Amino acid sequence: MLTLNVQAPDVEKSFQIFELDGDMDKVGLDAVKDKFESLAENFPYRYLVVDFTALNFINSESIGFLMALHSHLIKLKKSLIFISAKAHVKDVFSVIGILTLIEYHDTLEDFMKKIA
């Protein structure tokens, strides 16, 4: 099962954090996809930050979904940011090359320093 927890935005710094908790497999993606898409449709902030701290697994369909989200945000002149993935999830991102397209930070603090 996958849950999506959307934190209150930091309006001043123009970002909002979406936390993923569980397994981002077919069932998990189906559980959060509509909510994720609806929140991202007219995303009002500069940065949509996806926190992977509690994500245990991600499949290729979910990676495709995140890439489509990235493309959508680029058209809106916004940025998708990944933070805090577990080592095995970050390894998947690295192997497929997604981290050459989407900015990644090991911690929220690292991201905050970047936008300060």
Discussion item. Quick check on G22: is it touching a strand residue (DSSP E or B) at 6+ places or on another chain (Cβ under 9 Å), crowded, with 18+ Cβ neighbours inside 10 Å and small (G, A, S)?
Written reply: no
Item to complete: Identify the single condition in (1) touching a residue at least 60 places away in the same chain (Cβ under 8 Å); (2) among the basic types (K, R); (3) touching a Leu at 6+ places or on another chain (Cβ under 7 Å) that K13 does not satisfy, given that it satisfies every other one.
Response: (3)
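Let's see how each residue does on (1) in contact (Cβ under 8 Å) with a residue 24 or more places away in the chain; (2) buried (at least 17 other Cβ atoms within 10 Å of the Cβ); (3) within 17 Å of Q16 (Cα to Cα):
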residue: F36; (1), (2), (3): yes, yes, yes
residue: F43; (1), (2), (3): yes, yes, yes
residue: V50; (1), (2), (3): yes, yes, yes
residue: L66; (1), (2), (3): yes, yes, yes
residue: S71; (1), (2), (3): no, no, no
residue: I74; (1), (2), (3): no, no, yes
residue: K86; (1), (2), (3): yes, no, no
residue: I96; (1), (2), (3): yes, no, no
residue: E103; (1), (2), (3): yes, no, yes
Discussion item. Being farther than 15 Å from F111 by Cα, surrounded by 15 or more Cβ atoms within 10 Å (Cβ to Cβ) and free of Cβ contacts under 8 Å to residues at least 40 places away in the same chain is true for just one of S62, S79. Which residue is that?
Written reply: S62
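Every number here is computed from the coordinates shown, using simple stated rules; none is lab data. Not measured: the values here are computed from a predicted model. Every residue, glycine among them, receives a Cβ derived from its backbone with ideal geometry; neighbour counts consider all protein chains shown.
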